[in-house]
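Notes for the one structure printed next.
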Amino acid sequence: MVLGTGEPQRVFVHTSSRARPTKNAVALAASRPRTSSGSRPYERAPKTVNNVLTVLSVALRAAVEWQVLDTIPCTIRLLKTPRTTASFYDFDEYERLVEAATTEPAAHPLVLLGGEAGLRCGEMMALEWDDIDLAKRQLCVARSEWKGHVTMPKAADCGSSRLPAVGGDAR
């Protein structure tokens, strides 16, 4: 059996001591209600499906390692996911953003940190006063925040960045 290929698969329901096959996955998917736009409300993005398939694969490998299963009972293939590209402001758009941010005292330094110093949103949110050296006009990006969790930033080392000039103070 191959999971994740989009082909009809057998769905298994775990009961007390045995797994037994139930309806065909295609028939099960076809029975789901559709929204007014025609899409099914339970459809998931390929990346979401791949995350679930990865967890399933890890669990099955652990079951074999712990000798709960003799072998992995199926082949799991990840779905193809579309390549996405990050969108960036061009120079003119960035200048308009900086100009608009000058009217908002709290937003202006954040726009400059993001644009001039290249900090990500989570890196700016996790900054602490100890990370900033005003004498050298440098800051150390040591943490990143995402959904309330503080972690290491994407760049593994403590990246130093020059502080952008704020309020006409360009030293």
Need a quick list: strands (runs of 3 or more DSSP E) entirely within region 84-164 having at least 2 residues that are at pLDDT 85 or above and surrounded by 15 or more Cβ atoms within 10 Å (Cβ to Cβ). 138-141, 144-146
For region 108-129, state whether one or more residues are at positive phi and not assigned by TED's automatic domain parsing to the domain that holds R143. no
Residues of region 59-74 being assigned to a helix (DSSP H, G or I) and acidic (D, E), which ones? E65
Does R96 satisfy the criteria of being free of Cβ contacts under 8 Å to residues at least 60 places away in the same chain, charged (D, E, K, R) and in the same structural domain as M124 (by TED's automatic domain parsing)? yes
Which pairs turn up if I take residues in region 121-136 that are more than 12 Å from L110 (Cα to Cα) and look for partners that are of a type in the set (S, T, N, Q) with beta carbon separation below 6 Å, at least 6 apart in sequence or on another chain? A126/S144
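The values are calculated or read from the model by the stated rules, or taken from the named source; none is laboratory data. This is a predicted model, so every value here is computed, not measured. Neighbour counts run over all protein chains shown; Cβ positions are idealised from the backbone, glycine included.
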